[in-house]
Amino acid sequence: MNTRISNDIKRMLRIAKKYKINLAAIRLTPHLNAQLPAWYHIAAEHKTMQGATTRCLVQKHKIATVADLLKTSNRIRNAETEQHQPSPYCRCRDCNSDRLLNCLNPHACATEASVRLQKITPKLNPLTRPPLHDNLSLTPTRKARNSIAKKRNEDITFNPSVTSKTNLAECFRIFTNPDKISNLPATRHLTCPQVGDLPTITVATHYFIKVARTTMSLGWR
């Protein structure tokens, strides 16, 4: 396997380092997170690439992206539905398919893929559960109105959504400070109405109703 990096790529990496280009999106969709590289992940706890299972994942399973890790480890995360057994001799569908790749221990490779997924920080981990939605994001209709308003140079409705959804290219920023890039997912906390204010409103309403009835019974106008 040729592991040498071409001069063009080296030059690109030097320029990226010089101008401090980093993956600095506030939030990514699970789909984009799955497109990140499986090896030397930018936001994963370091784990060496030594060992028989790692070599097997690279050379036989052809693991290249986080999506590949998700696919290979699916039998571990959903063992009950996939009918997987924690054994080198498991005969589930995925393990049988891996043996066709000359994998000697499909369960060990699936376990290794699962471990590497768990080492990815929550912000860039496609397995991170999204928080409760606060329903403040714009609907497709409002987004369409914003597009028309922009063309007419009119007021637009602010969209609080910060999730990058299109492609990884839009997730890179220039002139960044790597020390200030957080690996924690950005969330908008779900807010609830102030229930404590409701009794005060109710009491005031009853008070005014009582005063009105008293006024009418006395014949006051």
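The values are calculated or read from the model by the stated rules, or taken from the named source; none is laboratory data. Because the structure is predicted, anything quoted here is derived from the model rather than measured. Note: ideal-geometry Cβ built from the backbone for every residue, glycine included; neighbour counts use all protein chains shown.
With the requirement that a residue be part of a loop (DSSP other than H, G, I, E, B), exposed (fewer than 15 other Cβ atoms within 10 Å of the Cβ) and either out of contact with any Asp or Glu (no Cβ under 8 Å at 6 or more places or on another chain) or polar (S, T, N, Q) (or both), what does the range 67-123 give you?
Hits for the range 67-123 are N78, Q83, Q85, P86, S87, P88, Y89, R91, L100, L101, N102, L104.
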Original post:
Considering only residues of the range 53-66 that are in a helix (DSSP H, G or I), in contact (Cβ under 8 Å) with a residue 24 or more places away in the chain and not polar (S, T, N, Q), which is surrounded by the fewest Cβ atoms within 10 Å (Cβ to Cβ)?
Top reply: C56
**OP:** State whether the residues of the range 39-51 include one that is touching a Ser or Thr at 6+ places or on another chain (Cβ under 7 Å) and under 15 Å from T111 (Cβ atoms).
**Re:** no
Subject >> Count - residues of the range 131-178 that are part of a helix (DSSP H, G or I), of a type in the set (D, E, K, R) and touching a residue at least 60 places away in the same chain (Cβ under 8 Å) >> reply: 1
Subject >> Matching residues in the range 1-30 - criterion: being surrounded by 10 or more Cβ atoms within 10 Å (Cβ to Cβ) and among the polar types (S, T, N, Q) >> reply: N22, T29
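Condition test on K150, is it more than 23 Å from A67 (Cα to Cα) and more than 13 Å from the chain's Cα centre (by Cα)?
Yes, satisfied.
Among the residues of the range 14-26, is any more than 26 Å from N177 (Cα to Cα) and either among the hydrophobic types (A, V, I, L, M, F, W, C) or at pLDDT below 95 (or both)?
No; the residues of the range 14-26 include none that is more than 26 Å from N177 (Cα to Cα) and either among the hydrophobic types (A, V, I, L, M, F, W, C) or at pLDDT below 95 (or both).
Here's the yes/no breakdown for (1) modelled with pLDDT under 65; (2) under 30 Å from T139 (Cβ atoms); (3) in contact with a Phe, Trp or Tyr (Cβ under 9 Å, 6 or more places away or on another chain):
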residue: P160; (1), (2), (3): no, yes, no
residue: K165; (1), (2), (3): no, yes, no
residue: F175; (1), (2), (3): no, no, yes
residue: A186; (1), (2), (3): no, yes, no
residue: H189; (1), (2), (3): no, yes, no
residue: T200; (1), (2), (3): yes, no, no
residue: A204; (1), (2), (3): yes, no, no
residue: F208; (1), (2), (3): yes, no, no
